[in-house]
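One structure is given here, and the rest of the page talks about it.
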Amino acid sequence: MTSKQPRKQRKRYHNAPLHQKRKRLASHLAEDLIVKYNKRNISVVRGDTVKIIRGDFKGHADKVRDVYLDNQTVEIEGAVTSKVDGSQVPQPIHCSNVVITKLNLTDPWRRRKLERGLSEEKKKEIEKEAEQQIIEQQRMEEEAAREAEQAEEEAEAEMEAPEEAAAESDEAMAEPASEEEPGETELEAEATEEPTAAEEAEAASEPDEGETDEAADEAPAEPAEEPEEPEEKPEDAEDSQPAEKEKEEK
């Protein structure tokens, strides 16, 4: 049932079931692919290589990263716009503004659809190309898995590093408290250690106690000096002086 009213046409277009929207998400093939597959257009899928023919990104060619059925657009690698904060976001491109230059043949259903009405030689070429794409896809998946594992290991190492540092600091704080005083065996071992070169030199320079005692015995004993006592004048002399003076006066 069709209608002439635009509002009903728009409503039917936007509320269509997914299988109809999927058929609408189609793009033209490049000239060499039109000759090879005997088709003019085909639905765009993830992994197809396309070239933008209109818009700000005209001439840009890269792989399709994602498809959006609601607004009939595709997300292409490298077609990004910058936001005010400096981050980059993908710019959706309408499927009518691109041309498919290389098909993704890893899907067996898609290969069967392309091989309809083609010769055996072209079918073999399609199968051979599909095998190469499958091998390349597996290699890329392995690389992505390896990179993901490395990223996880690095993240775990970063998480474990602070824990190890905290454990080491705790051990360093616990070591001084756990140290015990040296026992008798350790003291005896220290006492029996051989003297170092510096200690031997000091011992050689210092005289022995026996030698110092012998030298003291051999040296002559000097008499001790007695303190001088002040001379006392006799009392008789002091008494005789005034008597002599009286005689002279007479």
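Observations
- Sole residue being surrounded by 16 or more Cβ atoms within 10 Å (Cβ to Cβ), among the aliphatic types (A, V, I, L, M) and on the phi < 0 side of the Ramachandran plot, chosen from V84, V44: V44
- Residue within segment 115-122 that is modelled with pLDDT under 95, among the polar types (S, T, N, Q) and not assigned by TED's automatic domain parsing to the domain that holds P17 present: yes
- Some residue of segment 128-141 being part of a loop (DSSP other than H, G, I, E, B), touching a helix residue (DSSP H, G or I) at 6+ places or on another chain (Cβ under 7 Å) and surrounded by 12 or more Cβ atoms within 10 Å (Cβ to Cβ): no
- Cβ-Cβ distances below 9 Å connect no pair with a first residue in segment 127-149 that is outside the structural domain of R116 (by TED's automatic domain parsing), a second residue that is exposed (fewer than 10 other Cβ atoms within 10 Å of the Cβ) and part of a helix (DSSP H, G or I), and a separation of six or more residues or different chains.
- Those strands (runs of 3 or more DSSP E) lying entirely in segment 1-95 with at least 3 residues aliphatic (A, V, I, L, M) and not assigned by TED's automatic domain parsing to the domain that holds G117: 61-68
- Filtered residue count, segment 100-127, keeping only those that are outside any helix (DSSP H, G or I) and over 50 Å from the mean Cα position of the chain (by Cα): 4
- The residues of segment 98-126 that are at negative phi and exposed (fewer than 13 other Cβ atoms within 10 Å of the Cβ), listed by number, are P108, W109, R112, R116, S119, E120, E121, K124.
The values are calculated or read from the model by the stated rules, or taken from the named source; none is laboratory data. Keep in mind that this is a model prediction, so the values were computed, not measured. No Cβ is skipped: glycine too gets one built from the backbone with ideal geometry, and neighbour counts run over all protein chains shown.
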